[in-house]
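Encoded as structure tokens, the structure appears first; notes follow it.
The values are calculated or read from the model by the stated rules, or taken from the named source; none is laboratory data. For clarity, every value in this text was computed on a predicted model and none was experimentally measured. Ideal geometry is used to build each Cβ from the backbone, glycine not excepted, and the neighbour counts take in all protein chains shown.
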Amino acid sequence: MPRSFDMDLGMLDSRYRELQRSVHPDRFASAGEAERRLSMQTATAINEGYQVLKDPLKRGRYLLELSGYNLADEPHTTRDTTFLMEQMELREALGEVRGSSDAFAALENIMDRIAADIVNLQSLLRENFERANAADLESAAGNLMKMQFFRRLQEEVMDLEAALEDELA
Amino acid sequence: MALLQISEPGQSTAPHQHRLAAGIDLGTTNSLVATVRSGAADTLPDAAGRHLLPSVVHYQAGQAPVVGTGALSVAVTDPLNTIASIKRLMGRGIEDVRHIGSSLPYEFLPGSSGMPLLHTAAGDVSPVEVSAEILRALKARAEETLGGELQGVVITVPAYFDDAQRQATRDAGRLAGLNVMRLLNEPTAAAVAYGLDKGSEGVIAIYDLGGGTFDISVLRLNRGVFEVMSTAGDSALGGDDMDRAVAGWLMQQAGIEDDAGHGQLRHMLQVARSAKEALTTQASTPVCIEREDGTRWEGELSREVLNRLIAPLVEKTLLPCRRALRDAGVRAAEIGTVVMVGGSTRMPLVRERVAEFFAAEPMVDIDPDKVVAVGAAIQADILAGNKPDDEMLLLDVIPLSLGIETMGGLAEKIIPRNTTIPTARAQEFTTFRDGQTAMSLHVVQGERELVDNCRSLARFELHDIPPMVAGAARIRVTFQVDADGLLNVTAEEETQGVKSSIEVKPSYGLSDTEIETMLRDSMEYAENDRDARRLREEQVEADRVLEALRAALAADGDELLNAAERQAIETAAQALETARSSSEYRAIKAAIAAVEQASSGYVERRMNTSINKAMAGHAVDEFKS
């Protein structure tokens, strides 16, 4: 697979499946102990690699690391006011979901908005990794941190959705 | 014999012997065994032509337990010694049983390692032992029908089963003397049975409402690969609950008190079940109840009333459906196919609601009671090596997050649910006291924040940590989940490279020593000489190793090995063949280890070659486009 932030998910999927087809423990059910162990380890490694490449956040972090960026230097804060405003607005909207007339529609609205924000970040990251100079890597790290924020927000939305469903049950 | 090879019609003369393999659906209410014969998978009936074996075991003092219909027939007269629905207790602790058990009429005792024991006239038995009796009956049925020893089986489990429940199922298989090649998720088995791997693509849902458990799984199919995208369910919801709802209504109608005797309750449940089943095809059915005092109540149950009674339970199944869709990241409209599994999906209301929810007509062509066993048989046939060219591959996920207990009783997730297995995560720990040489880890499974709200799987004790100042040791603990979804933990001190020994205390399961003791104690093995059994096991393993090696050498031995390497492997193989014909199981075991040692480099090269081949195939495709 070419090394880039852009990912042909169809190609990734089919590569992943072909690899698993040749190493998965089911292929070695009647083989010896050592072979079965090796098969499980290899299948585990392939699963892990697939998880990293499939997910834009993990993929971005992995690319950063490959470019020599030390992940320990990742920023934890930002001064990007547009981003901070967006975060605040989304959190406010999330806080108001329970009081709204159609809570599930409100949640879907928030989810759509977060999804759009993530798509924006992805195109920024694509440019970052295409140029890949020092400033770009720095900016990519910042964008990945923002993506992480949106991810957490997505989880909170899903938790709230599950809680609301449970309450209805 | 050697000159004349007899093969079944329609089957080509295979280059190697056809191995006897079977698929087992170990169900809450009924169990089945199926096998592939002449290319077709089907369930095996008993001598009386019955395919379903009621998952009921009757214990009597001084006698061998009775399994199946014979046990079911005495359920009313001897309820305390007749164990049914044991699957609900598999891998459960005594605390869970107080909750689940309130609906089961047995006497429970706390056993060792937190596992509940059921008190019977034949002594105290664990859920694993009860399940093993059911498996033994199925094994005997298969071996009588097929005329030989089973080489391996696939046992199905609900996709939602946690590690303890899976481990308990595997233990039961081992106790029954079965070689369990794989635990297969029931919904995946159903998809295999429908042959959905042949051609069809897209996202499918498997709705499995059995006697005691409900499962919903979302699977993606692509070119023969099944991928479980998500799974959800309720391990304590099923047809039994519907029977209870109907029985409750009948008791009201007939004026029977809630505290009626065990026998009366059994009778009520049986009448409720028959009425429920009759209403699958009829709009109304007569019901007749015999009271304990000999008087009778006769009445009528309509489908309308039944639907009203079970509607809340059917609705309760839709919640996990929504959750599974959300976890898979798909909408109900994207589901192309819905497969129905489990006897309770025969009910018209269930089919209606499911069709409505997914906006798709559910698949019901294969008997919903048999479909899981049939799929398991197909998988068993492939795993046993009877279909070397089959492209099918099942990729499963872990159904519940695995975590460890951290400070303050919080659960820290190490492997999130729906991660494709096999998978592994490594975590680093350090010591907090000078010279500390041991530490303990508590592994839990579940989605909740607090350890108390998760299921406790095991406590691990790490020993032999080299003494250092506090915080200096780096203990890397690796949590490996295999293709069956079973957890294995290893630990190593990194600064000095010392492997820590691990002592596992399963929270609700059996330790290896306990299983060994049970195997020894069980009647079957007390009669046989233990060494004879070990010898047989090692011989089977030796044959497997030799056959696999020969096939590998024939395929790529010339390519991957130089003369000296090949000679070393051949020598070890010859030594194993010599040992194989001896009657010393230890010698065979040692010779097997020597072959594996000699061929370890070769095995690794083969694995790499197959990976490279898979990669190379893609490169060619790329050049084309």
Give just the number: which of (1) within 14 Å of chain A (Cβ to nearest Cβ); (2) buried (at least 18 other Cβ atoms within 10 Å of the Cβ); (3) touching a residue at least 12 places away in the same chain (Cβ under 8 Å) does residue B:346 not satisfy? (1)
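In the list B:586, B:544, B:550, which residue meets the criterion of being within 13 Å of chain A (Cβ to nearest Cβ), out of contact with any strand residue (DSSP E or B) (no Cβ under 9 Å at 6 or more places or on another chain), exposed (fewer than 14 other Cβ atoms within 10 Å of the Cβ) and within 27 Å of residue B:178 (Cβ to Cβ)?
Numbers: B:586 fails: within 13 Å of chain A (Cβ to nearest Cβ); B:544 fails: exposed (fewer than 14 other Cβ atoms within 10 Å of the Cβ).
Exactly one residue qualifies, and that residue is B:550.
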For residue A:89: the one exception among (1) touching a strand residue (DSSP E or B) at 6+ places or on another chain (Cβ under 9 Å); (2) modelled with pLDDT of 85 or more: (1)
Regarding the range A:91-104, can at least one residue be identified that is under 19 Å from the mean Cα position of the chain (by Cα) and either within 14 Å of chain B (Cβ to nearest Cβ) or without any contact (Cβ under 8 Å) to a residue 24 or more places away in the chain (or both)? no
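Which residues, counting only those in the range B:363-387, are closer than 21 Å to residue B:25 by Cβ and assigned to a loop (DSSP other than H, G, I, E, B)? Walk me through it before giving the result.
Of the residues in the range B:363-387, the ones closer than 21 Å to residue B:25 by Cβ are B:363-384, B:386-387.
Selection gives B:364, B:365, B:366, B:367, B:368, B:369, B:370, B:384, B:386, B:387.
Check B:411, B:360 and return the single one that is hydrophobic (A, V, I, L, M, F, W, C) and part of a loop (DSSP other than H, G, I, E, B). First the steps, then the outcome.
On the way: B:411 fails: part of a loop (DSSP other than H, G, I, E, B).
Testing whether each residue is hydrophobic (A, V, I, L, M, F, W, C) and part of a loop (DSSP other than H, G, I, E, B) leaves just B:360.
Among the residues that make up the range B:308-317, is at least one of them more than 14 Å from chain A (Cβ to nearest Cβ), at pLDDT 90 or above and surrounded by 14 or more Cβ atoms within 10 Å (Cβ to Cβ)? Reasoning before the result, please.
Taking the range B:308-317 and keeping what is more than 14 Å from chain A (Cβ to nearest Cβ), we get B:308-310.
In the following step, the residues that additionally are at pLDDT 90 or above were identified as B:308-310.
Remaining after also requiring surrounded by 14 or more Cβ atoms within 10 Å (Cβ to Cβ): B:309-310.
Scanning the range B:308-317, I find at least one residue that is more than 14 Å from chain A (Cβ to nearest Cβ), at pLDDT 90 or above and surrounded by 14 or more Cβ atoms within 10 Å (Cβ to Cβ), so the answer is yes.
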Answer from A:36, A:3 - the residue that is within 20 Å of residue B:612 (Cα to Cα), surrounded by fewer than 19 Cβ atoms within 10 Å (Cβ to Cβ) and modelled with pLDDT under 85: A:3
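If you go through the range A:12-69, how many residues are assigned to a loop (DSSP other than H, G, I, E, B) and facing chain B (nearest Cβ under 7 Å)?
Residues of the range A:12-69 that are assigned to a loop (DSSP other than H, G, I, E, B), as a first pass: A:24, A:29-32, A:55, A:67-69.
When the remaining residues are screened for being facing chain B (nearest Cβ under 7 Å), the result is A:24, A:29-32.
Matching residues across the range A:12-69 total 5.
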Among strands (runs of 3 or more DSSP E) lying entirely in the range B:68-185, which contain 2 or more residues that are buried (at least 22 other Cβ atoms within 10 Å of the Cβ)? B:82-84, B:116-120, B:152-157, B:180-185
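Based on this model, can you work out whether residue A:22 counts as among the polar types (S, T, N, Q) and in contact (Cβ under 8 Å) with a residue 60 or more places away in the chain?
Values: among the polar types (S, T, N, Q): yes; in contact (Cβ under 8 Å) with a residue 60 or more places away in the chain: no.
No.
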Look through B:431, B:406 and report the one residue that is away from every other protein chain (no Cβ under 14 Å) and surrounded by 13 or more Cβ atoms within 10 Å (Cβ to Cβ). B:431
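Residue B:417: within 14 Å of chain A (Cβ to nearest Cβ) and closer than 21 Å to residue B:318 by Cα, yes or no? Full working, then the answer.
Details: within 14 Å of chain A (Cβ to nearest Cβ): yes; closer than 21 Å to residue B:318 by Cα: yes.
Here the answer is yes, as residue B:417 does meet what is asked.
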How many residues, within the range B:244-291, are of a type in the set (Lys, Arg), at pLDDT below 90 and surrounded by 15 or more Cβ atoms within 10 Å (Cβ to Cβ)? 1
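For residue B:384, indicate whether it is touching a His at 6+ places or on another chain (Cβ under 9 Å), surrounded by 16 or more Cβ atoms within 10 Å (Cβ to Cβ), among the hydrophobic types (A, V, I, L, M, F, W, C) and within 14 Å of another protein chain (Cβ to nearest Cβ). Walk me through how you get there before you give the answer.
Numbers: touching a His at 6+ places or on another chain (Cβ under 9 Å): yes; surrounded by 16 or more Cβ atoms within 10 Å (Cβ to Cβ): yes; among the hydrophobic types (A, V, I, L, M, F, W, C): yes; within 14 Å of another protein chain (Cβ to nearest Cβ): yes.
Here the answer is yes, as residue B:384 does meet what is asked.
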